[in-house]
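To start, the structure under review is shown below, and the notes come after it.
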Amino acid sequence: MAIDTKHKDLEGLRIDRSATVSGPGAAPWARSIIIVGVAVFVLLGIAALAYRFFGTSIPEVEIVHAAAQGGDIGGVVLTATGYIVPHHKINVNSKVTGRVKWIGVEKGDKVKEGQVLVKLEDDEFRAQYEQARGAADSARAYMEELQHGSRPEEIAQAQHNLEEARATLANDKLTLDRTRDLFAQGVVSRQSLDDASAKFNSDQQRVNSLDKVFQLSKLGPRAEEIARAKGALTQAEGQSAYSKSLLDATVIRAPVSGTILERTAEKGELITAQFASSAEGGPQGSVVSLADLDDIQADLDISQDDFSKLTPHQKAVVSVDAFPDLHWNGVIAEVSPEANRQKATIEVKVQITDPDAHLRPEMNTTVRFIADENKSTGNSQPAGAFVPSAGVRESDGQKYVLLAFNGKAMRRDVKVLSQRSGGALVSGLNGGESVITTAPETLKDGDKIKIKGQS
């Protein structure tokens, strides 16, 4: 009886699994949540795979903006772009090594030829010049002394010394004769006779020497000695002139009239023309650079394919990006005698004949070359937009471009009005459109694109 009771108690502790699966209120909503969660997870995975697959297939392209150009200039045979450059740019260097003591110009200042720009410390150079000038003065005085010969007072002095020596010699002669007689009589010793004879001979030599001095004083210095003095003077004067030139070089002046383009030195910096250094605090090789901005040119690289369209001294119209509404006249002034192999271009410089303050070196410029009068048709250049050669495509004889618009490639048919250096002037564009220049060959109208450099 007790065992049956325990069995019934254990049966009561068992979990009724059928009730949890099929019980009222629990099974339907739990099953729905599980199904929806699994479906959402699967859909997200499919979407991610699809994005990854299709996203990587979108081609990356490069674009340029079409440049609008007006039609107010007639007879244009070629248009090229380049930079404004000074005809002659001068880097003003120092002839000597020295430290800047004073600098009197700033970038943009206008200077006159010969105007003082920079002064260097000159104490050492001034001392060297004073020393060399003193040596030259000494050499000059010595040469003049030789050229003028002996002074009358010097000749008279030499003559007086000679006469005095002769008088002494005559007295010695009398003393010698008297001593010889006394020796013969036995009054004086042999020593006295020898002393008198030696004194006479000594005075005789002195007379002969003074006589030579007197004769030379009347003749003056030798020609060879004067020539040697002249050579020494020339050398001393050359050294003095060299020292003076170094002293003068401590004052740096403007070689021409112009405008200061760059100031590369400051007060206290070391300037040299021998061992310029790019290291900070090292000696500088120049102090300023300047150019005459009334003598400027447009520097262009003309494609070899377009070079035949130009003639020597051909006229042109110059404009710059900074002032697109202004124009200046120009003429071809220089053509490089050799081509650039790497770029397949030839350098051409156009002299601007009417420059003004608007033009500055290194500005971007556009030059339109005008046809010769006898070749000009008189028609004005039609308006359009400039497109690089890589942006113009062709299909079935029709020229077109692909534009980047709202993430897609859009075809736009165009008409080439004229060929230009590096591209073409086309109609059908207003300017400012994003023209695709680099893209896969299979790219067509309506394809999705991704612009290089943009996220």
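Some observations on this one:
- Accessible surface computed residue by residue for the stretch 379-455, with neighbouring protein chains in place and a 1.4 Å probe, gives 55 Å² per residue.
- Long-range HN-HN contacts of residue 414 with modeled amide H, under 5 Å: 399, 400, 401
- Where labels lie 7 Å past Cα in the beta-carbon direction, separation of residue 304 and residue 441 in nm: 2.5
- Using a probe of 1.4 angstrom and keeping all protein chains present, the accessible surface of the stretch 122-207 works out to 69 square angstrom per residue.
- For residue 264, the amide hydrogen comes within under 5 Å of the amide hydrogens of 288, 289, counting only partners 5 or more places away or on other chains and with H modelled in the peptide plane.
- Amide hydrogen neighbours beyond the local backbone of residue 269, cut-off 5 Å, H modeled: 100
- Charge context of residue 454, other residues only, Cβ under 13 angstrom, K/R +1, D/E -1: 0
- By definition, a body whose alpha carbon gyration tensor gives a ≥ b ≥ c is prolate when a/c is 1.5 or more and a/b is larger than b/c, and the stretch 99-210 fits this prolate description.
- From phi via Karplus (6.51, -1.76, 1.60), per-residue ³J(HN,Hα) for the stretch 171-179 in Hz, x at Gly/Pro: 5, 5, 5, 5, 5, 5, 5, 5, 5
The values are calculated or read from the model by the stated rules, or taken from the named source; none is laboratory data. What you see is a predicted model, and the numbers here were worked out from it, not measured in a lab. Positions of Cβ are generated from backbone atoms using ideal geometry, with glycine treated the same way; all protein chains shown enter the neighbour counts. For accessibility, only protein heavy atoms count, side chains too; no ligands or nucleic acids. Shrake-Rupley method; radii C 1.70, N 1.55, O 1.52, S 1.80 Å.
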